[in-house]
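Since the structure comes first, as structure tokens, the remarks are kept for the end.
The values are calculated or read from the model by the stated rules, or taken from the named source; none is laboratory data. Small disclaimer: the values here were computed from a predicted structure and weren't measured. Here the Cβ positions follow ideal geometry from the backbone for every residue, glycine too, while neighbour counts run over all protein chains shown. Accessible surface is based on the protein model in full, side chains and every heavy atom, while ligands, DNA and RNA are left aside. Shrake-Rupley method; radii C 1.70, N 1.55, O 1.52, S 1.80 Å.
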Amino acid sequence: MDVLYFAWVRERIGVPKEAVETDAKTVTDLVAELRSREERYEAAFADLSALRVAVDQELTDFDASIEGAREVAFFPPMTGG
Amino acid sequence: MKIAVQTEAFDLGAEASALAQGHRDMGAVVTFIGVVRDLAESDLDRMVIEHYPGMTLKAIQAIAEDAKSRWNLGDVLVIHRYGDLAPGEMIMMVGTVAPHRKDAFEAAEYLMDYLKSRAPFWKKEITSDGADWVAAKDEDEDALSRW
């Protein structure tokens, strides 16, 4: 699946988008897997309360399933308007 | 219903006129314009607005549809810019058309509250001191609970 990052999450991880091969079943599982990979993920995902997630471009929760998902995006709370 | 996500500036007069024209049964048109303001401690050079291209239009459409289901509206307009914006530039515009002003005003406020916290935009302020992402405010999230 594609994993996308926006705003300071993108800056901490260093890429806007990457293809990730994973058996993770939920967003929480995916986060745990990414955090164990490299320090830059640990830095981005240290405080999950500061993050929001969208699965297939729909805002959702960290306990949401990602089975069959094409796209998961992580970002800080939105500041539109 | 017109929804646009764009880098270019928009023509406020032309957009407001287009929205207001062509109705015989609509007594109220409300428009709101968001403008880049320089309230930072250090001088704001510009604001950079990032968005999530695949999700933004869909998210705004869903918010606009919610507004249309809650209030009696003849039309809805949302324009939101992204990219580099200087202080004083118009960032976004919301417009509502309704038979009565109460629906037009309330729906416009609802659209603004939801666009602030549920449309995937992120603002970064570039000042003489450096660059900082604008943090979401608790009061913006709280504003959603009144609807």
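In the stretch B:72-85, which residue that is of a type in the set (A, V, I, L, M, F, W, C) and crowded, with 21+ Cβ neighbours inside 10 Å is nearest to the other protein chains (Cβ to nearest Cβ)? Before you say what the answer is, go through the steps one by one.
Step one: of the stretch B:72-85, the residues of a type in the set (A, V, I, L, M, F, W, C) are B:73, B:76-79, B:85.
Those left that are additionally crowded, with 21+ Cβ neighbours inside 10 Å: B:73, B:76-79.
On the way: B:L73: 19, B:V76: 15, B:L77: 15, B:V78: 10, B:I79: 12 Å.
By that ranking, first place goes to B:V78.
Identify the single condition in (1) free of Cβ contacts under 8 Å to residues at least 12 places away in the same chain; (2) of a type outside the set (A, V, I, L, M, F, W, C); (3) touching an Asp or Glu at 6+ places or on another chain (Cβ under 7 Å) that B:G130 does not satisfy, given that it satisfies every other one.
(3)
Taking the condition of being free of Cβ contacts under 8 Å to residues at least 12 places away in the same chain and over 20 Å from B:M47 (Cα atoms), how many residues in the stretch A:1-23 meet it?
Here the count works out to 3.
Restricting attention to the stretch B:86-113, and to residues there that are within 19 Å of B:Y52 (Cα to Cα) and buried (at least 23 other Cβ atoms within 10 Å of the Cβ), which single residue is farthest from the other protein chains (Cβ to nearest Cβ)?
Once the filter is applied, the top-ranked residue is B:L111.
Provide a single number: the residues in the stretch B:120-140 that are within 12 Å of A:T79 (Cα to Cα) and among the small types (G, A, S).
So the answer is 2.
Would you be able to tell me the number of residues in the stretch B:39-71 that are open to solvent by 70 Å² or more (accessible area, probe 1.4 Å) and over 20 Å from A:Q57 (Cβ atoms)?
Final tally of qualifying residues: 8.
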